[in-house]
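Coordinate-derived values only; no laboratory data. Quick caveat: nothing in here was measured; it's all calculated off a predicted structure. All Cβ positions, even for glycine, are placed from backbone atoms using ideal geometry, and neighbour counts span all protein chains on display.
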Amino acid sequence: MPPFKDEHILIIAPGSQVTLAQLGLPESFTPARFRFPTRMFPAEKKGEYEPYRIRERRQEVQVSNGIDAPKDDVDMKDPESAPQEAVKPETTEKPEGSEQAGDAQKPDGQETNGEAQQHTTTEIFYEEDVTSDEGAVYPLQDGRIVDWPCFFALLTHVHNTLSPPFHTPIMLISEPVWSARDRETITQFVFEKFKTPAFCLMDSALAVCYGYGTSTATVVDVGKDKADVTAVTDFIVNEHGRGLSLESCGGDYMTDRLVELLGSKGFTREMCEQLKRSNITELLPPGTPLPGAAATARQGANPATSASTGSTDGNGSDDRAPRGPGEDTQTGNGEGDEDEGVLDVAAIVSGNTSEFLANRERERAEKASTKKGSGVDQSGKPIRLPNSKKEKASFQFEEYVKIAPEADVPNGPGRYMRQTREIEVGVERFLAATPKQKSGERLTGGLLEDIATQIHHTILAVPDATKRSELWDSLIIVGNGSKIKGFTQTLLGTITQKYILSPSATMFTSEIPSNFSTPLPTGGTNTPAPSGQAGLMNHPAGHGVNPLLVAATHANNPAPGTPSMDPMSLHRSTGHSQTPTSVKTLRPPEYFSEWKEQTNTNAPGAAGAGGPGAPSTGHGMEEAVFLGAQVASKVVFVLDQGLSKGFMSRVEYNENGPSAIHEYTM
Amino acid sequence: MNPSIPPSTAEYGGDEVSAIVLDSGYSTTRAGFAGEDTPKSLIPTYYGRYSLDGQEKLVFGDDVFVTPRPGLSVHNPMGRDGIVEDWDMAERVWEYAFTSRLTGPKSGNPLQNGLNDVLEGELPTDMEGVESEEKLLADSPLLMSEPGWNPTKAREKTIEIAMEKWGTPAFYLARNGVLSAFAAGKASALVVDIGASNISVTPVHDGMILKRGVQHSPLGGDYISSQIRALFKSNAPQPISITPHYLISSKTAVDAGQPPQVKLKTFPPDRVPDSSYRTLLEERTLSEFKECVVQVWPGPNKLSATGPNGVPNEEVAKSNPGRPFEFPDGYNQVFGIDRYRVVESLFDAKAAIPDPESLFPTPSPAQTVPELIKNALNGVDVDVRPHLLANVVVTGASSLLYGFTDRLNQELMQMFPGPRVRISAPGNTAERKFGSWIGGSILASLGTFHQMWISKKEFDEHGPNIVEKRCK
């Protein structure tokens, strides 16, 4: 088989909301060039699907009476002329046909498009309604494939849109939750429909590891309504104990929680969704006091950790602009605000933290109350507090407001105008991950606690116990659900306060025997990784420990290997120390400049499903899975060329059938 | 190759389907495709039951460890002796084992799975009503494992479920001792299986178990857990109680031996999970304890005896550095010689830590591993004994206890000084944990095994009793 070329490789990464795709590997790997909404619309013929909603539009001949008219909606003729194009300058950059533009740029529930009902007789036109997602079928739910024909229609649509040449290897990123039979079915489909010469089905967790350039990591993928937790050791996915599609552990949880908190204040779900995506919503590490008068309602206050946060967490850069007029700005603090953000960290660290903070809160509350009485003259002052210290903040809510159709064109396209307005939110914006009141049938401690529990369970299930410490030290948190500010820190905080072992449990303390004078360092963080020296010092107790130390301490207790025994049996799974002694996240690679974190907007659809060809700005390393897919494609298809069975070739498929994919599944 | 020329259209025409291997133990159930090296699906045999709005609900798999449910209680369809007790639930657990990761909930109707074009007007109206619901395993042969002492009734029930409920086209039931021997690459072996609820010794000769020699006793991993609990109760400064992670909101680091400082979670009284759930979660902490702390006295001789150079073994054990362990609530302590004591009764019945509240009766000498091996060998022909002793296969997850094989080797050499004793225990954790599954995977993927399958037709002809004739 001739070698594959970079520009021919097709990568598809399906997700429950967005399917990322790209044809060809660029010189420097970029975020996915195409973002397809993972949904299709039923076509006229049953069992067939279209990428956009197809509406019948009938040219009216007679006078409309609107009584016995079939339910046919009349919608815009051509999105180019629609007014929302004006507010979306990015359409000009689209490589694809611009008739696909603007898909899903509208929030849900806004498509009550011109329901002008006409009594029609002749001439039926079909037109694509690119803005509507009414009646859409989402083939993936929580990662599971729930509608196969629709899923295949989506793959075909992606394939057709990118129209690769025949000699194109395909890299498909598989969701962890797909069963073996699912993978076989997909393999069969890809080979028989796309006639691809080579196919690689790569697990998304593994792809993330490729993206981060690491062989061992704990990958936490927070999606829309689920999270997957996977331990990868030496590029092998540990299937046992893996957290598959954890229910309600995704971004939707936080939206739901915000709705629960703010629903009584007139917030719609769409508002909460945008609030969640805005930069004023933040998760605060456990124990951080909430700003303002809500100091009593702490998030499980833990004095030990509260000192680590506060003004030091670098939020100063995103100070909000002065509050717009018309908002209720007087509830906040005015005069004394300038110095509020600068907490005396030394005082916190040295003194009694909780007391100090409590005093502060009290002072501040007093100040605020006196000010309320004094007057409203400070309203114009810019407030320079980090977001996490502000009791209230506002975000820009964008919505599409339908413009009433002009009277003389009753049949004209429904027109929308994008409106933004400021909405102010209180401390509820810090509580997005707190336990829901209606937790359904789960006794959950909230989103983060569930994920933390799953991480603990997953790492504990890794059979190679010597790897566990490394797994705790290499967490990778990806997925668009984790984009909310402070997610990673808060998750680490949750793990720390629940699972991290105290130093005394990992060090030999008062009961050190006399021949054991050197205390063990905590964990394997400063000591060399044990993997490199396996042959050097094979004492089972010596993992992560200075080999000389082991030699000294075990000199009187030689491993009683008997010559008649299988030499392999000297390897033990036990004799390691408990984990975790520390927990850390891995740093993303820095040499892919396009993947650097970019500021996200809270525009509807910005992080959701853009139309194909929508510019993929605002997507950083939370989509590392796609970066990894590119790295892996390069390795598997171009560099390795199948020598190490990285992909399944057509010849092999013809010989062995779809079930052989398991030998190649990565 | 020119990328614009379509490839030749050779198509895959075969219908190769690999068999499913299902290996059910007391603690976990393993399932996967034959020919693979580890089972793709590993689930606890335990399942959870709770009721919500008056409706009874069941949870299977790992999920129950992560988020408890209101009023959850935990059950196990297997009996302590490894024989199925609750057939309905065993069926559900097994179904979950292979549907969750392998086959999916139902093999889809080929007309609707999107792979086949259905021409207009060719809709198969005549198909309706024939077989409205595809059975779960309609296209996969199934190999299941069973303990060597499985009664005939249970075996017949198993094949009935497989054939009638799941619709498998071919079935075989193999002894897990035989499978473990195959996994070690041996047709004849003495298989010592240290499981969760049982330890068993199975003599296997030429791929057949020697039924008279099969021995088993309840001193498995769960028994060791009960010994650890007994140790915790009698712990020196204060008794240790295990608080599982799900009850803990946050903890603060404390020094060794100091009382824990912990913030507990509170559940509304009507939603508190059952005590059986707590026991299951405590078991997870205990297995971490077994992995990190517990150690088998490597020998020679018992822990209570004197070593070869005249020093009591206990003294030697005491001089070894202790191992620290932290409990979920933050309590931590260094365990010295006690970490040897909790497993010593597997070899020396007298060393058992007494605990009147334990579910397990005080072990009798005949239940210890050396005695089981001795009895197993006494039950078989004298001629095969040396061969069996030269092929002792150690398997089962509890055999991963640190120092277990060393001690077993010492005991065997002492007991049988004449013949050559050779233990083969795979170093790979997975091979030890899934020994019988791996053997099943090897067996079912052998070409020569094809004639062994009991086909659906044979089952229909002869009824469930065919399993007795064919699966010996």
| message | I need the shape label for region A:140-220. Rule: rounded when a/c is under 1.5, else prolate if a/b > b/c, else oblate, with a, b, c from the alpha carbon gyration tensor. | response | oblate
| request: Provide the FRET efficiency to the nearest 0.05 for the B:Ser304-A:Lys645 pair, computing r from the beta carbons and using R0 = 41 Å. | output: 0.15
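Which order, highest average first, do A:426-438, B:270-282 follow once you tally other Cβ atoms within 10 Å for each residue and take the mean per peptide?
Listed from highest to lowest mean packing, they are A:426-438, B:270-282.
Rounded, prolate or oblate: which fits chain B, taking a ≥ b ≥ c as square roots of the Cα gyration tensor eigenvalues, rounded meaning a/c under 1.5, else prolate when a/b beats b/c?
Here chain B falls in the oblate category.
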| message | I'd like the FRET efficiency for B:Ser234 and A:Ser593, computed as 1/(1 + (r/R0)^6) with the beta carbon distance as r and R0 of 41 Å, rounded to 0.05. | response | 0.05
| said: Residues of region B:190-219 with the amide nitrogen closer than 15 Å to a label point 7 Å from the Cα of B:Ser364, along Cα-to-Cβ, please. | reply: B:215-219
| request: Would you kindly state how much longer the chain becomes between B:Lys472 and B:Lys350 on full extension, computed as 0.36 nm times their sequence separation minus their alpha carbon distance, in nm to one decimal? | output: 40.2 nm
| note | Contour minus Cα-Cα span, B:Gln258 to B:Trp87, at 0.36 nm per residue, comes to 56.8 nm
| task | Describe numerically, in nm with one decimal, the distance between label points set 7 Å from Cα along Cα→Cβ at B:Gln414 and at B:Thr448. | result | 4.1
| Distance in nm between label sites at B:Ser73 and B:Arg212, each 7 Å beyond Cα in the beta-carbon direction? | 4.5
| query | By how many degrees, between 0 and 90 and to the nearest 10, does the Cα long axis of helix B:435-445 differ from the longest principal axis of chain B? | reply | 20
| said: Less than 19 Å from a label point 7 Å out along the Cα-to-Cβ axis of B:Asp270: which backbone N atoms in region B:62-100 qualify, by residue? | reply: B:69-73
| request: Could you work out the relative contact order of region B:220-362, using alpha carbon pairs under 8 angstrom and six or more residues apart, expressed as a whole percent? | output: 30
| Mind checking the mean number of beta-carbon atoms from other chains within 10 Å of the Cβ atoms in B:37-48? | 2
| request: Compare the peptides B:351-357, B:316-322 by average per-residue count of other Cβ atoms within 10 angstrom and give them in order, highest first. | output: B:316-322, B:351-357
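Which length gain, in nm to one decimal place, applies between A:Lys45 and A:Ser28 when the Cα-Cα distance is subtracted from 0.36 nm times their residue separation?
Separation in residues times 0.36 nm, less the Cα-Cα distance, equals 1.8 nm.
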| task | Calculate how steeply helix B:275-292 sits against the longest principal axis of the alpha-carbon atoms of chain B, using the helix alpha-carbon long axis, and give the answer as 0 to 90 degrees to the nearest 10. | result | 70
